[in-house]
1. So, A102, is that one crowded, with 16+ Cβ neighbours inside 10 Å and in contact (Cβ under 8 Å) with a residue 60 or more places away in the chain or not?
2. Out of E108, E97, which single residue is closer than 30 Å to A123 by Cβ, modelled with pLDDT of 85 or more and either open to solvent by 50 Å² or more (accessible area, probe 1.4 Å) or outside any helix (DSSP H, G or I) (or both)?
3. Pick out the one residue from A51, A9 that is in a loop (DSSP other than H, G, I, E, B), farther than 30 Å from L124 by Cα and more than 34 Å from the chain's Cα centre (by Cα).
4. Any idea which of (1) polar (S, T, N, Q); (2) in contact with a Gly (Cβ under 9 Å, 6 or more places away or on another chain); (3) within 21 Å of Q288 (Cα to Cα) is the one N269 doesn't satisfy?
5. Only residues that are within 30 Å of A277 (Cα to Cα) and polar (S, T, N, Q): list them for segment 205-262, please.
6. If a residue must be among the hydrophobic types (A, V, I, L, M, F, W, C), farther than 19 Å from A255 by Cβ and buried (at least 20 other Cβ atoms within 10 Å of the Cβ), how many such residues does segment 266-298 contain?
7. Tally up the residues in segment 77-90 that are hydrophobic (A, V, I, L, M, F, W, C) and closer than 14 Å to G143 by Cβ, please.
8. Exactly one of these conditions fails for A199: (1) under 30 Å from Q253 (Cα atoms); (2) surrounded by fewer than 16 Cβ atoms within 10 Å (Cβ to Cβ); (3) not charged (D, E, K, R). Give me its number.
Amino acid sequence: MSRGRQAQAVKLSKQERESLQALTRRGTAPHRQVVRAQIALMAHRGETTTAIAQEVGLSVQSVSHWRSRLVRYGVEGLQEAARPGRPRRIAQAQRLELLALACEPAQEQGRATPTLDELVERALQRGVVKQISRSHLQRILQGGDMRPHRVRQWLHSPDPQFRQKVNEICALYRQAPKGSVVLSVDEKTGIQAIERKHADRAPVPGRARRREFEYIRHGTQALIAAMDVHSGRVIGNCTDRRTQADLVSFMEQVAQAYPKGRVHIVWDNLNTHRAQAVWDDFNARHDQRFVFHFTPLHASWVNQIELMFGIYSRRVLRHASHSSIEQLRERTQAFVTQRNQAPKPFRWTFAGFELQTGEPLRFKDDAQVRRTNKGR
C-alpha cells in the first residue's frame, strides 16, 4: 500500500532559527507569519507534515505548500508571493514618506502625537499623495509595523566613570575576593499596606477575576535588604521609615551575620549611602572590614537586589490585601524566610562591553578576578 510522497527535509541555519523563534515570541507579529515560522521550525526538527498540521491547526495541504516553498526558496519562501490584480495606487516610495511623516519629532506646541486625520491633512498639504483616506493610511502604518504613538522611556547614565564602576561591580559578581562576601544592599520604600474594601469575585470560564476598586490604607513600610550575590541568602527588615539611623541599625545586623572577613557592599548613590563620616565611624567599629562600591549614576539596575525586589513585589504585594502593617511585615518576613530555605543566586549578565578593559580596580589588593579569553 502506497504511503504517499516523502516529506522534503528542511534545514535552517542558526541565525534563521533564532530569527524565526524571535518572530514566534513577538506579540505584535501577524498570526499568519507566526504560524509559518512555527511550520519552518518544526520541519527543521524533522517532524512530519501531518504532525505539524495538527499542531498549528492547518490542513496537510497548506503545511505541505509552505514546506515546499521553504525547500525551494529558503526562509524568503515564507513571504507571500505577489498576486495578480490592480497595481498599487500609492507607490512604495510614497509609503515610506508616509511612515516618515508619522515619525516626525513632536511639535513645539500642541499635542506630541498627531491623529490620523491630521496625518492625512499633512500628507495632502506636502504633496506626498494626491488622495488618501484615514483607513488606508492606518493600514500602511500597520503594514510597516509602526506605532509612533507608543513611547518607551529610558534613562542614560551621565556618570563619567560608568565603565570603571560597572567593571568593578561585575568583577565582584563573577567571583568574590578570597575570604570575603559580596552583598547587594538597597531599600524599597513606600510599601503600602492596602486592604480591599470588598471581597473579590472568583474567575469563571470566559471572565477574569473581578476586584472592587475601593481600598483602605493602613500605612506604609520600608524594606531594607541585603543579598549575598553568590549564595542567594537574604537579610531583610521592615521599618516604619528609611532614615540614616534605620540604615545604620540594619548594617549592624549585617555585621553580626558576617562577623569575620571582608564584606563588599554594592549599593546606589542615595544620600544615606553617601554619608562618608557615618560609614567611616561604622567601619572603625568593625575593624575596617567593609568596602563600599557605588553603582553609576542613574544605573541602579546594576544592583542585583533590584531583581529580588521585583520578585517580592510580584509574589507578596501584587493583588494582595493586607489588613494591617503587622500582617504586611509578617508576609514580608515569610517571603525572606522561604527564600533562605533554598537560596539560589541570580544568573546576572551584562553584555554592554568587555569586562577586561585594562582599567585599574579600586579593590585590586583584595580582588582575585578570574581571567577569561577575550570575546567569550
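1. Numbers: crowded, with 16+ Cβ neighbours inside 10 Å: yes; in contact (Cβ under 8 Å) with a residue 60 or more places away in the chain: no.
No: the conditions fail for A102.
2. Only one candidate qualifies: E97.
3. On the way: A51 fails: in a loop (DSSP other than H, G, I, E, B).
Exactly one of A51, A9 is in a loop (DSSP other than H, G, I, E, B), farther than 30 Å from L124 by Cα and more than 34 Å from the chain's Cα centre (by Cα), namely A9.
4. Evaluating N269 over (1) polar (S, T, N, Q); (2) in contact with a Gly (Cβ under 9 Å, 6 or more places away or on another chain); (3) within 21 Å of Q288 (Cα to Cα) leaves (2) as the failure.
5. Result: T220, Q221, N237, T239, T243, Q244, S249, Q253, Q256.
6. Narrowing segment 266-298 to residues among the hydrophobic types (A, V, I, L, M, F, W, C): 266-267, 270, 275, 277-279, 282, 284, 290-292, 294, 297.
Right, trim to farther than 19 Å from A255 by Cβ and you get 270, 294, 297.
Adding the requirement that they be buried (at least 20 other Cβ atoms within 10 Å of the Cβ) leaves 294.
So the answer is 1.
7. Residues of segment 77-90 that are hydrophobic (A, V, I, L, M, F, W, C), as a first pass: 78, 81-82, 90.
Cutting the leftovers down to closer than 14 Å to G143 by Cβ gives us 90.
Qualifying residue count for the region: 1.
8. With respect to (1) under 30 Å from Q253 (Cα atoms); (2) surrounded by fewer than 16 Cβ atoms within 10 Å (Cβ to Cβ); (3) not charged (D, E, K, R), A199 is out only on (1).
The values are calculated or read from the model by the stated rules, or taken from the named source; none is laboratory data. What you see is a predicted model; the values in this text were computed from it and never measured. No Cβ is skipped: glycine too gets one built from the backbone with ideal geometry, and neighbour counts run over all protein chains shown. Please note that ligands, DNA and RNA were not included when accessible areas were found on the heavy atoms of the full protein model with its side chains. Shrake-Rupley method; radii C 1.70, N 1.55, O 1.52, S 1.80 Å.
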